[in-house]
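Novice: Questions regarding the structure given below will be posed in turn.
The values are calculated or read from the model by the stated rules, or taken from the named source; none is laboratory data. Keep in mind that what you see is a predicted model, and the values were worked out from it rather than measured. Ideal geometry is used to build each Cβ from the backbone, glycine not excepted, and the neighbour counts take in all protein chains shown.
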Amino acid sequence: MVAEEVQGETVEASAVTGRSSTAASTRWWNGSGALWRALAALGSGLAQLAALPPYGLWWLAPLSATLLALAVLGTRPRRAAWLGAASGAALMVPLVQWQDVFGVDVWLLVAAAETVYYIPMAIALALVLRLPGWPVWTAAVWVLQEAVRSRFPFDGFPWGKLAFSQPGGPFVGYAALGSTALVTFAVALVGALLLWVALRLLPLLRERAGHGPPLGGGGRGARGIRFAALSGAGALCGVVAIAVAGAAAPAIAAPEEEKTVTVALVQGNVPRVGEMDIAGTRTQVLRNHVDGVHRVADQVRAGEVEQPDMVILPENASDIDAYTDSEAAAMISEAADDAGAPLLFGISRFNDDGVTREVRSVVWEPGAGEPGEHYSKRFLVPFGEYIPYRDFFTRFVSRLDQVPTDAVPGTEAGDVTIGGTTLATAICFDVAFDRPVREAVAEGGQILAVPTNNANYNFTGQTDQQLAITQLRSVEHGRPAVVAATSGVSAVVGADGNVSYRSPEGEPAEHVADVPAMTGQTIATRLGALPEAALCAIAAGAVAAAVVAARRARP
């Protein structure tokens, strides 16, 4: 039975590849058995995991695409499905382990939900690998999977994109041309080209070594070996060209510096870092952060740092509603007056219904005594900041009642004017999505501001993962970024994605830096979602073509 299935897969693959060397390699690979395919699929997931922070071995990301394509090469959809599940689980289970702060069941449920997306992707890869020009189609399929995963369900969960592994590598530059979609495409294309080279050369090397012609069904001779070698060399040159072009891409239509802004960031820290405590010690957290502002003011008076033009504080720096709580408002006002600069302060704003709230970053001017302009977080963490279908889920998971109010998403772009400069504000989870950052920059944002609250996730790698996403956003839009976290990691990121300052985790920290405010838009900002839409359309068209070709090839 197994032999018949393998033989059927081999014949089908041979019929559509039209390349005897590729077909020969497929026959050898199919004959190697399911174990080697499973190992390749698991290796794909683990390679992608190691490419992402906190490990950051970015050069393993193309290998992930190589191994998954190898795993499903020549297979039928049924086998490709379980291979995709194995690859997805090897990545997602350890990647989102930080979700266990909500419970092991929540962690594994999130990992399982994210793994599901790798099943149709693997099936699609198995189909398009049968087409001429398959390296391009396989790379587009990766983009399609990430696009769907970033939108569904509950607005999506884009964590773990191939693109997010690349802040330290040459491929990150493609973000300035086509956002995360083009970065993922470039990485996956390089991985596919590496596999193409291996499939072209392996049978010929075996033949040259005296082990053939069983793989190819007949010798190629010296001329065939030279042609395949030149083809492989050409593909390797393509790999190098993709990397070089990626490194040069940010210079194309790069934004220009308009002025320099002195920015202070404050990391106040929280009690019981790393523990699950949704309610938290609210007054203490607020006091920690206003004390941090006072320390910046003390440093200015002592001549240790420059007078800041603005001070950026984290998401949830005050979980007390300073719109209605006069004591909280007085504490924030005193801090702004002492600093002599406007604050961007993270505040939970509770609505009049008593059961919903908004997660806001609010401008608090010195001398004003009240909140001013604000941005409300648009992408919220399901089961953390709100409970979808609350009545249903709380029947089965009683601890979800610990989230007593549901945050509601904002609807406006995050362009916030403070101290004469427009910030492109993205609060925490927002930064993982292409749209909110892009729209804030398009509306005039000159510096990226990323207030965040990762206190529950300190020392888990989650904060490093989010910082890497911010680095990519800086390159994507040609804007420096200031990350202010409650307990770390706070950071200053250059427009080139390099980190010039990084705070410790689980400790109070303040930092003052001169940050360039930029003007002009990158090609990625101007094009918006068009590159992603085009690559998704290419992937869908390739899958449809492969299905039609497979049906025509059947007896």
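Novice: When region 385-396 is examined, which residues are found to be over 17 Å from PRO451 (Cα atoms) and surrounded by 16 or more Cβ atoms within 10 Å (Cβ to Cβ)? Full working, then the answer.
Specialist: Step one: filter region 385-396 for residues over 17 Å from PRO451 (Cα atoms), giving 386-396.
Within region 385-396, TYR386, ILE387 qualify.
Novice: A follow-up question, please. Quick one: count up the residues across region 237-251 that are closer than 30 Å to GLY420 by Cα and surrounded by 12 or more Cβ atoms within 10 Å (Cβ to Cβ).
Specialist: Step one: filter region 237-251 for residues closer than 30 Å to GLY420 by Cα, giving 250-251.
With the extra rule that they be surrounded by 12 or more Cβ atoms within 10 Å (Cβ to Cβ), the set shrinks to 250.
Count: 1.
Novice: Separate question: Under 8 Å between Cβ atoms, at least 6 apart or on separate chains: pull out the pairs that start in region 75-99 with a residue that is assigned by TED's automatic domain parsing to the domain that holds GLY461 and end on any residue that is surrounded by fewer than 24 Cβ atoms within 10 Å (Cβ to Cβ) and among the acidic types (Asp, Glu).
Specialist: none
Novice: Going through region 124-180 one residue at a time, which ones are of a type in the set (A, V, I, L, M, F, W, C), buried (at least 21 other Cβ atoms within 10 Å of the Cβ) and not in a helix (DSSP H, G or I)? Reasoning before the result, please.
Specialist: Looking only at region 124-180, we keep the residues that are of a type in the set (A, V, I, L, M, F, W, C), and these are 124-129, 131, 134, 136-137, 139-144, 147-148, 152, 154, 157, 159, 162-164, 171-172, 175-177.
Still in the list and also buried (at least 21 other Cβ atoms within 10 Å of the Cβ): 124-129, 134, 137, 139-144, 147, 157, 159, 162-164, 171-172, 175-177.
Across region 124-180, the qualifying residues are LEU129, PHE157, TRP159.
Novice: Any residue in region 341-349 that is under 20 Å from LEU286 (Cα atoms), among the β-branched types (Val, Ile, Thr) and either in the same structural domain as VAL512 (by TED's automatic domain parsing) or modelled with pLDDT of 90 or more (or both)? Explain how you work it out, then say what you get.
Specialist: Residues of region 341-349 that are under 20 Å from LEU286 (Cα atoms), as a first pass: 341-349.
Add one more test, that the residue is among the β-branched types (Val, Ile, Thr), and what stays is 347.
Within this subset, residues satisfying the condition of being either in the same structural domain as VAL512 (by TED's automatic domain parsing) or modelled with pLDDT of 90 or more (or both) are 347.
Within region 341-349, one or more residues are under 20 Å from LEU286 (Cα atoms), among the β-branched types (Val, Ile, Thr) and either in the same structural domain as VAL512 (by TED's automatic domain parsing) or modelled with pLDDT of 90 or more (or both).
Novice: Can you go through ALA449, ALA468 and tell me which one is part of a strand (DSSP E or B) and either under 30 Å from THR522 (Cβ atoms) or not hydroxyl-bearing (Ser, Thr, Tyr) (or both)? It would help to see each step written out before you state the result.
Specialist: Values: ALA468 fails: part of a strand (DSSP E or B).
Matching residue, one of ALA449, ALA468: ALA449.
Novice: Please work out which residue is nearest to ASP430 (Cα to Cα), limiting yourself to region 379-410 and to residues that are at pLDDT 80 or above and of a type in the set (A, V, I, L, M).
Specialist: Among those residues, the one meeting the criterion is LEU380.
Novice: When region 284-299 is examined, which residues are found to be surrounded by fewer than 20 Cβ atoms within 10 Å (Cβ to Cβ) and either in contact with an Asp or Glu (Cβ under 9 Å, 6 or more places away or on another chain) or farther than 24 Å from THR452 by Cα (or both)?
Specialist: Looking only at region 284-299, we keep the residues that are surrounded by fewer than 20 Cβ atoms within 10 Å (Cβ to Cβ), and these are 284, 287, 291, 294-295, 298-299.
Scanning region 284-299 gives HIS294, ARG295, ASP298, GLN299.
Novice: Residue pairs, Cβ under 8 Å, 6 or more apart or interchain, first in region 413-425 and in contact (Cβ under 8 Å) with a residue 24 or more places away in the chain and not assigned by TED's automatic domain parsing to the domain that holds TRP364, second assigned to a strand (DSSP E or B) and among the β-branched types (Val, Ile, Thr). List them.
Specialist: none
Novice: Looking at region 126-151, I want the residues that are free of Cβ contacts under 8 Å to residues at least 12 places away in the same chain and have a partner that is assigned to a helix (DSSP H, G or I) with Cβ atoms under 9 Å, at least 6 apart or on another chain. Which pairs are those?
Specialist: Filtered contacts from region 126-151: GLY133/ALA542.
Novice: Among the candidates PRO53, PRO94, which residue alone is modelled with pLDDT of 95 or more, part of a loop (DSSP other than H, G, I, E, B) and surrounded by fewer than 24 Cβ atoms within 10 Å (Cβ to Cβ)?
Specialist: PRO53
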